[in-house]
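The values are calculated or read from the model by the stated rules, or taken from the named source; none is laboratory data. This is a predicted model, so every value here is computed, not measured. Every residue, glycine as well, gets a Cβ built from its backbone with ideal geometry; the counts of neighbours run over all protein chains shown. The accessibility values were calculated without ligands, DNA or RNA, using every heavy atom of the protein model including side chains. Shrake-Rupley method; radii C 1.70, N 1.55, O 1.52, S 1.80 Å.
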Amino acid sequence: MGDCIFCKIVEKKLPAKIVYEDDIVIAFDDISPQAPVHTLIIPRKHISTLMDIKDDELNLLGYMIKIARKIAKDRGIADRGFRLVTNCNPESGQSVYHIHLHMLGGRRMHWPPG
Ligand code: AMP
């Protein structure tokens with residue numbers, strides 16, 4: 001999608017601290033980290049929101065979680081714990097309309113979230 005900043009990161013037209021990539025997903029550190037580890041896992045394919053994922057591509061979400069688990073191990077937070085968050089549409093606070101998992105870790109998380 002032409003004006004999607006995450007598509008530009010996928011296409012390497014915008015810089016990002018990429019921590020993992022393969023043919024399906026790319027993961028990079030959030031530009032405004034909310035925890036010592038704050039990494040975003042996104043599909044290369046542009047999908048605007050969770051509501052736009054087609055039923056036959058829902059396995060993409062499982063794959064994104066698989067990669068999140070790998071990154072959690074690599075970053076040393078798998079056993080301490082971490083949080084995966086995905087925002088969907090305005091009231092959630094979604095600001096970038098290209099689906100992504102936030103992986104937050106390295107500090108104690110609070111509940112309920114804001
Ligand atoms: P959300 O508000 O759930 O849509 O999350 C979007 C996230 O993308 C926010 O945490 C932003 O800090 C992050 N973000 C926006 N632009 C960039 C960028 N160029 N590189 C890395 N992270 C970004």
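Miscellaneous remarks
- For beta carbons closer than 6 Å, sequence separation of 6+ or different chains, a first residue in region 1-12 that is within 18 Å of Asp29 (Cβ to Cβ) and in contact (Cβ under 8 Å) with a residue 12 or more places away in the chain and a second that is within 11 Å of the ligand (Cβ to nearest atom) and open to solvent by 20 Å² or more (accessible area, probe 1.4 Å), the qualifying pairs are Phe6/Val96; Ile9/Ala16.
- Considering region 1-23, and only residues there that are within 19 Å of Ser95 (Cβ to Cβ) and either in contact with a Lys or Arg (Cβ under 6 Å, 6 or more places away or on another chain) or among the acidic types (Asp, Glu) (or both), the residue that is nearest to the ligand (Cβ to nearest atom) turns out to be Leu14.
- Residue list for region 68-88, filter: of a type outside the set (Gly, Ala, Ser) and more than 10 Å from the ligand (Cβ to nearest atom): Arg69, Lys70, Ile71, Lys73, Asp74, Arg75, Ile77, Asp79, Arg80, Phe82, Arg83, Leu84
- Test: residue in region 28-46 that is in contact with an Asp or Glu (Cβ under 7 Å, 6 or more places away or on another chain), in a loop (DSSP other than H, G, I, E, B) and open to solvent by 90 Å² or more (accessible area, probe 1.4 Å): no
- When Met51 is tested against (1) within 17 Å of Cys4 (Cβ to Cβ); (2) of a type in the set (A, V, I, L, M); (3) part of a loop (DSSP other than H, G, I, E, B), only condition (3) is not met.
- Verdict on Leu50 being of a type outside the set (Val, Ile, Thr), within 13 Å of the ligand (Cβ to nearest atom), modelled with pLDDT of 95 or more and in contact with a Phe, Trp or Tyr (Cβ under 7 Å, 6 or more places away or on another chain): no
- Where Val96 falls short, out of the listed (1) touching a strand residue (DSSP E or B) at 6+ places or on another chain (Cβ under 8 Å); (2) within 15 Å of the ligand (Cβ to nearest atom); (3) in contact (Cβ under 8 Å) with a residue 40 or more places away in the chain; (4) part of a loop (DSSP other than H, G, I, E, B): (1)
- If the condition is being outside any strand (DSSP E or B), surrounded by 12 or more Cβ atoms within 10 Å (Cβ to Cβ) and in contact with a strand residue (DSSP E or B) (Cβ under 7 Å, 6 or more places away or on another chain), then region 1-27 contributes Phe6, Ile9, Val10, Ala16, Ile24.
- Residue within region 62-69 that is surrounded by 14 or more Cβ atoms within 10 Å (Cβ to Cβ) and outside any helix (DSSP H, G or I) present: no
- Taken across region 103-112, residues that are part of a helix (DSSP H, G or I), exposed (fewer than 11 other Cβ atoms within 10 Å of the Cβ) and out of contact with any Pro (no Cβ under 6 Å at 6 or more places or on another chain) do not occur at all.
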